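Taken together, the values in this text are just the output of simple stated rules run on the coordinates, not laboratory data. Not measured: the values here are computed from a predicted model. Neighbour counts run over all protein chains shown; Cβ positions are idealised from the backbone, glycine included.
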Amino acid sequence: MLAAMSLRWTILAPLYDRMSRKSEAAGMGAMRESLLAEASGRALEIGGGTGVNLRYYEGVDSLVVTEPEPAMLRRLHDRVHRQAPQAEVVQAPAEDLPFEDASFDTVVSTLVLCGVDQERSLGEVRRVLRPGGRLFFLEHVRSDDPGLARLQDRMNPLNRFLVGCECNRETLAAIEAAGFTISRVERTTMPEAPKFVRPAILGTAVAAG
Ligand SMILES: C[S@@+](CC[C@H](N)C(=O)[O-])C[C@H]1O[C@@H](n2cnc3c(N)ncnc32)[C@H](O)[C@@H]1O
């Protein structure tokens, strides 16, 4: 299972920025910017990929970016070197974060909760956030439209095989179930994405005290 994930990311990593360019220009970049405008304090990003979010962190005191996949990690290191040399890069999966309890004010997850063990990962995010700390999320999710949700269910095995993630997850409910209060959420769409991957949520959740 782990070997299959790494093989997939070894193939996808060199293509990732090129494949996302159109979507970033058509609105994903603006969504990342608006999401991260309020990130503050000691910040942690999980599944940072090639580091697309790095340019949008302006108000944080410190930044740690985690990423488990070696092929993505190499690109992340390069981009950190160029764009955010003060940031720290740590190789780790979201399910097993090597940080102390309550050690961050902010955790950021963009396009990550679709491809991880959500319960374990959100449990870890909750653990490393201080009470009252905030999770900033931008994730593609299950549609509210029953017809589109059925299409997502049908396409999910293919999506999982090709890109290693689920396109039909109830991620907002999972965030709440992990001990967060949703403080802001916008239902939106991922520009230039296939129809079954388009429904998305963007927002902030506060860790319970
Ligand atoms: C779709 S990419 C998103 C990358 C980046 N967050 C972004 O917004 O462009 C998903 C990322 O999650 C990473 N990933 C895969 N398994 C993971 C895990 N168990 N924990 C954390 N990240 C994981 C992948 O290597 C990849 O970098």
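In the chain, with Lys and Arg counted as +1 and Asp and Glu as -1 at Cβ, which of these residues, T204, S23, L73, has the Cα nearest the positive end of the dipole, that is, farthest along it? Among T204, S23, L73, the one farthest towards the positive end of the dipole of the chain is S23.
Checking every one of the chymotrypsin sites (Phe, Trp or Tyr not before Pro) in segment 35-136 against DSSP loop status and a limit of 14 other Cβ atoms within 10 Å picks out no site at all. Considering only alpha-carbon pairs that sit under 8 angstrom and 6 or more positions apart, the relative contact order computed for segment 11-68 is 35 percent.
From its DSSP helices (H runs of at least four residues, each -39,500 (n - 2.57)), the chain gives a residue-normalised ellipticity at 222 nm of -12000 deg cm²/dmol. Taking only the C-alpha atoms of the chain, Rg followed by Dmax gives 15.9, 46 Å. Annotation for segment 164-209: trypsin sites (Lys or Arg not before Pro) lying in DSSP loop with at most 14 further Cβ atoms inside 10 Å of their Cβ do not exist.
Loop-located GluC sites (Glu not before Pro) in segment 117-170 (DSSP state not H, G, I, E or B) with no more than 14 neighbouring Cβ atoms inside 10 Å: E170. Each label point was placed 7 Å from the Cα along the Cα-to-Cβ direction; for T189 and Y16 their separation is 2.6 nm. Placing dummy labels 7 Å off each Cα toward the beta-carbon, the span from E95 to E58 is 3.8 nm. Taking a ≥ b ≥ c as the square roots of the eigenvalues of the Cα gyration tensor, an a/c ratio of 1.5 or more together with a/b no larger than b/c marks segment 165-204 as oblate.
Relative to the Cα centre, the charge distribution of the chain, modelled as +1 at Lys and Arg Cβ and -1 at Asp and Glu Cβ, gives a dipole magnitude of about 640 debye. The residues neighbouring E124, those whose beta-carbon lies less than 15 Å from its own, together hold a net charge of -4 under the Lys/Arg +1, Asp/Glu -1 convention.
An oblate overall shape is assigned to segment 9-58, the ratio a/c of its alpha-carbon gyration tensor axes (a ≥ b ≥ c) being 1.5 or greater and a/b not exceeding b/c.
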